[in-house]
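S.K.: Encoded as structure tokens, here's the structure I'll be asking about.
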Amino acid sequence: MNSLLTRRTLLTAAPALASTPVAALARVKDEQDRHPAWLNAFIQNENEWLAANEGSEEEKRLWGERDRLEALICLTPATTIAGLAAQLEFLVRDAKDYWCCPVHGELAESAVKSAKALAAAHLRPDGD
């Protein structure tokens, strides 16, 4: 038997080598990716804005906070699947009535579900 590392051996082992550190890194990064928290804050802010008196200082303050959170969600690259799911969910919420055709909205909603499922799978105790 040949003990040299062949291309076939490397290709066979590559998925195992790559997935272990990435899975461990994903758990660390999940704690650092702020997109889910920003999305939750955006939704809370939006509800408060809708309840505020039109033209009030409170409404203006909440709108400014909305702009800040929107920029953070949209312009900061996600570093985790959970962060990507939050960005996609924001997109679906924000573009709800503006898709050029219904299938684009359905695709975006499906992408949110997929990203959330992948994020949940990465947080399982068994590591996958």
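The values are calculated or read from the model by the stated rules, or taken from the named source; none is laboratory data. Values in this document were obtained by computation on a predicted structure and should not be read as measured data. Glycine gets a Cβ as well: all are built from the backbone with ideal geometry, and neighbour counts include every protein chain shown.
S.K.: Within region 78-86, is even one residue assigned to a loop (DSSP other than H, G, I, E, B), at pLDDT below 90 and surrounded by 12 or more Cβ atoms within 10 Å (Cβ to Cβ)?
M.R.: Checked region 78-86: no residue is assigned to a loop (DSSP other than H, G, I, E, B), at pLDDT below 90 and surrounded by 12 or more Cβ atoms within 10 Å (Cβ to Cβ).
S.K.: Now for a separate question. If LEU69 meets every condition in (1) at pLDDT below 85; (2) surrounded by 12 or more Cβ atoms within 10 Å (Cβ to Cβ) apart from one, which number is that one?
M.R.: (1)
S.K.: I'd like the full set of residues that are of a type in the set (Asp, Glu) and outside any loop (DSSP other than H, G, I, E, B), limited to region 43-77.
M.R.: GLU46, GLU48, GLU57, GLU58, GLU59, GLU65, ASP67, GLU70, listed by residue number.
S.K.: Quick one: how many residues across region 44-64 are free of Cβ contacts under 8 Å to residues at least 24 places away in the same chain and either under 16 Å from ASP94 (Cβ atoms) or touching a strand residue (DSSP E or B) at 6+ places or on another chain (Cβ under 6 Å) (or both)?
M.R.: The qualifying residues number 6.
S.K.: Something else: Failed condition for ALA24, given (1) surrounded by 15 or more Cβ atoms within 10 Å (Cβ to Cβ); (2) modelled with pLDDT under 95; (3) small (Gly, Ala, Ser), with all others met?
M.R.: Of everything listed in (1) surrounded by 15 or more Cβ atoms within 10 Å (Cβ to Cβ); (2) modelled with pLDDT under 95; (3) small (Gly, Ala, Ser), ALA24 misses just condition (1).
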